Amino acid sequence: MLQQLTNLSDKELISRARKLKDQEAEGVLMERYSHLMVAVCLPYLNNGPATTPEEVYPALLQRLSASLRTQTIPKANEWIHYTIRAQQAQAEKNSPFFPSTESREQQQMENKVEKAATNLKEQQLLAATIESALGKLPAEEQYFLKEFYLHAKSFAELAATKNYTIEKTRQILQQAKQKMASLLMNETYE
Amino acid sequence: MSNLENNEKILKIFSNIRCLNRDQLPRYLDGRLTDVEKHLVEQHLVDCNLCFDALQVLQQQQYREKYQPLATSMQQYIRSSIKRISQVHKVERYQRQEQKKESFLIYFWVVAAIAIGAGVIYLVQQQVRLKSPVPKAIASNAELPPAQSENPPVQAAVVVPVHAEADPAPKTAPSTATAPAAPSVTPIKPLEKKDSLTAAVKPPATALVIPLKDSAKKLPPPPPKPVEAKETTRVATAHKDTPTVVKKTEDKPAPAKKEKADTPEKKPAAEASGTDEFLYKAAQVYHHQGDLNEAISRYKHLAEGSGKYGELSRYQLAVCYRSKGQTGKARRMFKEVVRMNGSMKDKAQAALDNL
């Protein structure tokens, strides 16, 4: 049973955990992201009261478990990151998780691209629209996106060309992608 | 081709890539990924804050040392809780399966018991239904032989007075006549009587048979055999009785002739009442079986006569008409019964009121 659950996607595991109250599915999902949870929580361990690993990690898992039953979770990584930040902010109550507009728009574009994977014509159309949206972006963002995606340059290489840090390079790429998604979604609604 | 490649690369901007797994995280940090893998990881890092923050933390050596044991213990903690859950689930699942099996068996046996009970009740009812008309038929048949047996005793009773009456006559006759003449007469008489017997037997037999035949004609076809049997028994009894009657009537022809005239009349009367009773009972049997037409034909035949069976048959005829829905005829019959002012008057009146 566990073997079968490990092959399921995040969406399927979340669905099982919520609808069927499958605690095993919940456990498999938590285990999938446990190493990232551990890494992100490391700076906040042993910094104050109730910050030992034995307290922090079980508490985090409990928060996630409680949130899983009630929240709409389009992306598991976003939801886990949000919950970790809420715990680190020492918020006593679980504030509800809502995906941002940019995140939703990007997700919609990703779904479109996934749907067009089997249809060559749709792929061509979509690529053309993305290219036209790319042309509407500022020069720097356009450059970064083209270099990163079309010429497969790494963060380090891109950062080196502009003398930016990797964090800034990533930030520019993230913003550029969000703008493009927003442009494309607005175009479809127009 | 270049267009296709270009399109693929452009579409990569919005391709969905999974988070770094346990193996990829340290390898990326160590630079042990291939260029393609690295680029894919970085494509994911553009959007995923969780993975990027994790990488940022683990790039610091102090946290890198703590990471591995904590990650392992976290994994073990989650797996042990899953195991517990899975074991509990397994136990629960097994218990649920066993409960389902038990409940299924219980329901099955309950249904089977109900079905068996219903089948037994149905069979018993069927047997009861089969037995109920048979005893009635048996009862009606049992009453018929006594009726039949009454006839010979009636005949015997009829004959016996003849004998009794005839006996004193012969006794008185020889006493008045000369003694030697009587014995001489008697041997001759048997010889003569033999001839006369055959001649005498025939007319009375025919006389007896004729009314019997008439009554047989009046009777419907179904009970011809018992009538025939009656005829044969009556003829046989007549055969038996008539010689003695004839003997004694020759001694005293006048009173014997009168008695002969009386007995045939008494015999038909007794026979008629017996046949009425038989006919009435046969009609009742048909009535109970539901064969109203046969019952009605018999009741009609009996209704033509008067007396106890005439009234009873009129009443039953009215009941049959009512069962058939012929309320007009039923009403007429009930009124007749009321007019007759017999034992069935009250019942007929009540039935009329209900109609």
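The values are calculated or read from the model by the stated rules, or taken from the named source; none is laboratory data. These numbers were taken from a predicted model, which means no experiment stands behind them. Methodologically, a virtual Cβ is constructed for each residue, glycine included, from the backbone with ideal geometry; neighbour enumeration extends over all protein chains shown.
Results for (1) surrounded by fewer than 16 Cβ atoms within 10 Å (Cβ to Cβ); (2) within 11 Å of chain B (Cβ to nearest Cβ); (3) in contact (Cβ under 8 Å) with a residue 12 or more places away in the chain, shown as yes or no for each residue.
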{"position": "A:G135", "(1), (2), (3)": "yes, no, no"}
{"position": "A:Q142", "(1), (2), (3)": "yes, no, yes"}
{"position": "A:N163", "(1), (2), (3)": "yes, no, no"}
{"position": "A:I166", "(1), (2), (3)": "no, yes, no"}
- [ ] Return only the number of the condition from (1) outside any helix (DSSP H, G or I); (2) under 19 Å from B:N49 (Cα atoms); (3) not charged (D, E, K, R) that A:L173 does not satisfy.
- [x] (1)
TODO: Return yes or no: is B:A54 modelled with pLDDT of 90 or more, more than 30 Å from A:K179 (Cβ to Cβ) and in a helix (DSSP H, G or I)?
DONE: no
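State the number of residues belonging to segment B:1-39 that are out of contact with any helix residue (DSSP H, G or I) (no Cβ under 9 Å at 6 or more places or on another chain) and part of a helix (DSSP H, G or I).
Count: 5.
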- [ ] Would you please name the residue that is farthest from the other protein chains (Cβ to nearest Cβ), looking only at residues in segment B:1-17 that are surrounded by 15 or more Cβ atoms within 10 Å (Cβ to Cβ) and among the hydrophobic types (A, V, I, L, M, F, W, C)?
- [x] B:I17
Open item on the list: B:E143 - would you say it is at pLDDT below 90, charged (D, E, K, R), over 27 Å from the mean Cα position of the chain (by Cα) and surrounded by 11 or more Cβ atoms within 10 Å (Cβ to Cβ)?
Closed with: no
- [ ] Could you check how many residues of segment B:287-308 are in a loop (DSSP other than H, G, I, E, B) and either of a type in the set (S, T, Y) or farther than 13 Å from B:K324 by Cβ (or both)?
- [x] 4
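Of all residues in segment B:309-355, how many are among the acidic types (D, E) and either under 23 Å from B:S273 (Cβ atoms) or not in a helix (DSSP H, G or I) (or both)?
Number satisfying all stated conditions: 2.
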Open item on the list: Kindly evaluate A:L158 against the criterion of being farther than 17 Å from B:H44 by Cβ, at pLDDT below 95 and within 12 Å of chain B (Cβ to nearest Cβ).
Closed with: no
- [ ] Quick one: B:Y77 ticks every box in (1) in a helix (DSSP H, G or I); (2) more than 10 Å from every other protein chain (Cβ to nearest Cβ) except a single one, so which number is it?
- [x] (2)
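Looking at segment B:18-68, which of the residues that are among the acidic types (D, E) and farther than 16 Å from A:Q174 by Cβ is farthest from the other protein chains (Cβ to nearest Cβ)?
The qualifying residue farthest from the other protein chains (Cβ to nearest Cβ) is B:D30.
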